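Participant: Once you've had a glance at the structure underneath, I'll fire off some questions.
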């Protein structure tokens, strides 16, 4: 009898071990599928940055008007992201993500068709970009709460979010090179390529991501709003700080990318793929730093705070240093350091906000955080276009001052519980 009992126990343990192994295997494939979303959404936006000067010539528009091709996408996303987050908490993450990817692809198709077939396509291109913004609102921002649902331990969540942020940043690294390469054939090809990327991501999500076991019954809207208000009442100080820092990081990043794209053509006669490679230097540093940081921070929230503080300080100081020299390689070196600082900060902020909010409110709160980040994306290019025209001498001082403000916010407002580290 003992032998039979031991045999049954051993079989149960083997079966349990196999199930755990299969679950980990499935989660890896699911994480790959989820990582495709920020990659694709980033391509849809950042891929256009090296093409903006070409668009100005082809469409006969100003630098400010070309920056609006980035900004319209972001403004629409800012408005709709909280709604998408609320829906994802109530009807499920996949049910929001997959239709949103399809809408985003249709937006790219509309912009590409307008550029191809219409003699004066600027307004239709903006309409297509707005449609892409609607899709982006329900895709990339839902990734963070989906990861939080799928993984139980804080270490798994932080590592996975590091991979997600790396995928996001990898998109930023690839996008200027890919955008410049595609535009070298015909300038509007990047618009037409985007629906293909969206289709691939839809397939990956449909077949590789299962519904998390942590699904919960949706609460009534009034009760839900009360719960969200309670979250802000209890966590308002550090949540507001993370929201503000998210705005600043994206404002600086997309402002710098827009500045580099303009200056490389205007001052150094660097075009097409070569320009894309130069733009990829700071973004590559950002990508690698995000990946390393996601693996290092694990569950240590105190460490997250100080890595964020250090990263933001590096960003602010490196941008301030740009006022001392206009040399190309000095400028690229300082932007590389800024990329390292931003890359160190983002996974920490993602993990702090994902782990710090209850699962039933996570979709909405993290979506508001993504709305804040999109404010930075929307504001960066037009702000730099205006500053370049009217206050070029003060540009880097202003960006650096904004960075210093984010450093102070981290120091004063983000105070993780030592027991949580």
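Participant: Would you point out which residue out of 180, 130, 104, 114 is surrounded by 23 or more Cβ atoms within 10 Å (Cβ to Cβ), in a helix (DSSP H, G or I) and either modelled with pLDDT of 95 or more or in contact with a strand residue (DSSP E or B) (Cβ under 8 Å, 6 or more places away or on another chain) (or both)? Talk me through it step by step, then tell me what you get.
Facilitator: On the way: 180 fails: either modelled with pLDDT of 95 or more or in contact with a strand residue (DSSP E or B) (Cβ under 8 Å, 6 or more places away or on another chain) (or both); 130 fails: surrounded by 23 or more Cβ atoms within 10 Å (Cβ to Cβ); 114 fails: surrounded by 23 or more Cβ atoms within 10 Å (Cβ to Cβ).
When all the criteria are applied, what remains is 104.
Participant: Can I ask one more? Please go through region 155-177 and give me each residue that is within 28 Å of residue 366 (Cβ to Cβ), over 17 Å from the mean Cα position of the chain (by Cα) and touching a residue at least 12 places away in the same chain (Cβ under 8 Å), ordered by number. Spell out how you get there, then give the answer.
Facilitator: Quick first cut of region 155-177, residues within 28 Å of residue 366 (Cβ to Cβ) only: 155-176.
Of the ones still in play, those that are also over 17 Å from the mean Cα position of the chain (by Cα) are 155-156.
Passing the criteria: only 155.
Participant: It is to be established whether one or more residues within region 372-392 are at pLDDT below 95 and not in a helix (DSSP H, G or I). It would help to see each step written out before you state the result.
Facilitator: Here is the first cut: in region 372-392, the residues at pLDDT below 95 are 372-392.
Next, only the ones that are not in a helix (DSSP H, G or I) stay: 391.
Yes: one or more hits.
Participant: What number goes with the only condition from (1) more than 26 Å from residue 365 (Cβ to Cβ); (2) in contact (Cβ under 8 Å) with a residue 40 or more places away in the chain that residue 81 does not pass?
Facilitator: Going through (1) more than 26 Å from residue 365 (Cβ to Cβ); (2) in contact (Cβ under 8 Å) with a residue 40 or more places away in the chain one by one, residue 81 breaks only (1).
Residue-by-condition table, conditions (1) closer than 20 Å to residue 290 by Cα; (2) modelled with pLDDT under 80:
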site: 143; (1), (2): yes, no
site: 155; (1), (2): yes, yes
site: 161; (1), (2): yes, yes
site: 164; (1), (2): yes, no
site: 185; (1), (2): no, no
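Participant: Restricting to region 136-154, count the residues that are assigned to a helix (DSSP H, G or I) and either without any contact (Cβ under 8 Å) to a residue 12 or more places away in the chain or over 22 Å from residue 50 (Cβ atoms) (or both).
Facilitator: 12
Participant: Restricting the search to region 53-67, which residues are touching a helix residue (DSSP H, G or I) at 6+ places or on another chain (Cβ under 9 Å) and surrounded by fewer than 23 Cβ atoms within 10 Å (Cβ to Cβ)? So that I can check it myself, show each step before the final result.
Facilitator: First pass over region 53-67, keeping only residues touching a helix residue (DSSP H, G or I) at 6+ places or on another chain (Cβ under 9 Å): 53-56, 58-67.
Those that are touching a helix residue (DSSP H, G or I) at 6+ places or on another chain (Cβ under 9 Å) and surrounded by fewer than 23 Cβ atoms within 10 Å (Cβ to Cβ): 53, 54, 55, 56, 58, 59, 60, 61, 62, 63, 64, 65.
Participant: Okay, next question. Can you tell me which residue among 50, 38 is at pLDDT 85 or above and more than 19 Å from residue 202 (Cβ to Cβ)?
Facilitator: Values: 38 fails: more than 19 Å from residue 202 (Cβ to Cβ).
It is 50.
The values are calculated or read from the model by the stated rules, or taken from the named source; none is laboratory data. It should be emphasised that the depicted structure is a prediction, and the values quoted were computed from it without experimental measurement. No Cβ is skipped: glycine too gets one built from the backbone with ideal geometry, and neighbour counts run over all protein chains shown.
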